[in-house]
Amino acid sequence: MKNILISLTLFLAAVTGARGTGVLEAMQAGDISLSGIASSSYSEAKLTVRNTRSYSVDIDFTTACFVQNNTSQRIGLSYEKNTGAYYLRLLAGKTYTLIFSSRCLDRSRSSPSTGTAFSKVYGIGSQFSQIIQALRNKASQSAIWTLTDDSGSLSQAWKQSDARYTAPVNPPSATGVDLSGSVSWRTSGTTINMTAGKVANLSSSSSTGSLRLRVWATRSFYSGGSISGYIMGTLNLNPLRAGYYYSNINNTVSYSRPASGTYYTTMTVEEYTNSGWVIRDYINFSGTTRF
């Protein structure tokens, strides 16, 4: 079908009371087919979108980002240039050429090549509503980078959410107590099952104090030091003599559910000292969990 340069009626959710379907959700549901290129590095994207249904569909284009390859920047859409809108109604069976003002969401990655097709579409989760709102408000590129590429918790969470992200290996414990191997947690009713590959006392001369494993749910990504959040489960362990270790830990303990929301989760190993309980090592679980 011949592409039709857009002449669209703008429908804003705040006006109609409706809520547009996100790009990724619409693609997965078979409502639209889509292809696109970076038509001007990260500042502009050209999309060809077809409504495959026999009825109109409303699409929110600010809830998705696009990449060209495994190392390229994620590109977010701000507004369609012919309409000035991010929320568009696509008429039944029509194909549209849409030119979007776009923003780079990963300053540290390589810029997309102009004229090269995007290879993957990712959704921007609701926990990143600040980023979505900035795109909708036509924020400048520098303002977007303030959200996605500074040292704050939102920026760190955004980087960790990238499906192509490879988490750094946790460094060996410098305190003598080390948590390593595969770790997991799983809830069932009022209990939580906790597994860990190994908890070791790396000291060659000193025993540890009492030990415990804990699974935490935190609002921001944990990167060491003090921790604040919900304790989902605690597994108590006896002290370890120098050079000894626990392996293939697999125990079920009482579960405390966090308040409703989206959280990062972390397993810590803690030692009881003269100053109280101290976190000695930790492993972060990938992604986030909705409770």
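(i) 76, 39, 29; (ii) 66, 50, 29; (iii) 51, 44, 41: which one is Cα extents along the principal axes in Å as calculated from this entry?
Computed from the coordinates, Cα extents along the principal axes in Å corresponds to (i).
How about the stretch 61-160: which trypsin sites (Lys or Arg not before Pro) there are in a DSSP loop, with at most 16 other Cβ atoms within 10 Å of their Cβ?
K81, K94, R107, K138
Across the stretch 234-245, in residue order, what do the Karplus-derived ³J(HN,Hα) couplings come to in whole Hz, using 6.51 cos²θ - 1.76 cosθ + 1.60 with θ = phi - 60° and x for Gly and Pro?
10, 10, 7, 10, 6, x, 10, 6, 3, x, 8, 7
If you average the alpha carbon positions of the stretch 219-290 and of the stretch 26-59, how far apart do those two centres end up, in angstrom?
43
Looking at the chain, how many pairs of lysines come closer than 26 Å at the Cα, when each pair is eight or more places apart or spans two chains?
So the count of such lysine pairs works out to 16.
Show the residues, 5+ positions off or on another chain, whose built amide H is closer than 5 Å to the amide H of S210.
Those qualifying (amide H under 5 Å, at least 5 residues apart or on another chain) are Y272.
For T187, which sequence-distant residues (separation of 5 or more, or a different chain) have an amide H within less than 5 Å of its own amide H, given hydrogens modelled in the peptide plane?
Amide H neighbours of T187: N193.
None of the figures in this text is laboratory data; all of them are computed from the coordinates on show. This structure is a prediction, so every number in the text was calculated from the model and none was measured. Neighbour counts are summed over all protein chains in view; Cβ atoms, including those assigned to glycine, are modelled from backbone coordinates with ideal geometry.
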